[in-house]
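Please read the structure below before turning to the comments.
The values are calculated or read from the model by the stated rules, or taken from the named source; none is laboratory data. Since we're looking at a predicted model, the values are computed, not measured. Heads up, the Cβs are rebuilt from the backbone with ideal geometry, glycines too, and the neighbour counts pull from every protein chain shown.
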Amino acid sequence: MNTYVVGDIHGAYLALEELLQTISLKASDSLIFLGDYVDGWSQSPEVIDALISLKSQYNCIFIRGNHDDLFLNYLKTGRFSQEWIIHGGQSTLDAYRNISLDKLNHHIAFLESLQPYYVDASNRLFLHAGFTNQKGIAFEYFPEMFFWDRTLWETAVATDASIPIEHAYYPMRLKIYSKIFIGHTPTTSLGSTMPLHFHNVWNLDTGAAFKGPLTIMEVETERIWQSTPVYKLYPNENGRNKYL
Ligand SMILES: [Mn+2]
């Protein structure tokens, strides 16, 4: 029985399918998706259809990403910001232009069902972005930070590896959970297309929306599978790259 955790997908249905075929799931396996299903490549509706279908076959946990929240807000209120349009929202609007009302309602229900975080029996925390309270998720004053924060990741990256965990300088937030799995801040921004690991934080957003691959990791063994770089699967699109 394996548990697989999946990084930011951003509409890259072809990459998701490629990886699911590679890992050949068993009925007893679990999947944890770290959020950002939409905004980027042209197949956001197909990604959500695939996730809904996986839910009927496997134990699945779906975390909420900031892009999923922006899209859901638009669907519920009709309002959106220019920032969202620039950062992938336009591709999602285009892809949903000819969707049936029935399917749209299923997708709204899916987006509303997304979880802010998940903690497993081994005290591993899974969430899209981070948290800000030194005592952990239950004490978060700003729940939107679960899908917007970048300071947890920056703290993990910037904390010198030589500082012992008992030292007064060691960040409190890195002591609470056995491991933390996040997406949100592409590892490509640190020059890597691999998942990156600092202290107890694993970042699985390997820049699928840009020039990186989609990544899946098996939680216990930390074995990694990566798709073809997504921009090669969508040669006639730009994703969230301004210029290719
Ligand atoms: Mn993302």
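Values for this structure:
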item	result
Counted residues, segment 178-206 - those being under 21 Å from L125 (Cα atoms), touching a residue at least 12 places away in the same chain (Cβ under 8 Å) and not hydrophobic (A, V, I, L, M, F, W, C)	13
Yes/no for L101 being more than 30 Å from T221 (Cα to Cα) and not hydroxyl-bearing (S, T, Y)	yes
Test: residue in segment 19-35 that is within 15 Å of the chain's Cα centre (by Cα) and assigned to a loop (DSSP other than H, G, I, E, B)	yes
Tabulated pairs, segment 46-57, first part of a loop (DSSP other than H, G, I, E, B), second of a type outside the set (F, W, Y), C-beta under 8 angstrom, 6+ apart or interchain	Q57/L25; Q57/A27
Condition check for S24: of a type in the set (S, T, N, Q) and modelled with pLDDT under 95	yes
Residue list for segment 169-219, filter: surrounded by fewer than 20 Cβ atoms within 10 Å (Cβ to Cβ) and closer than 23 Å to V47 by Cα	T188, T193, M194, K211, E218, V219
Segment 2-18, residues that are within 16 Å of the ligand (Cβ to nearest atom), outside any helix (DSSP H, G or I) and either aromatic (F, W, Y) or on the phi > 0 side of the Ramachandran plot (or both)	H10, G11
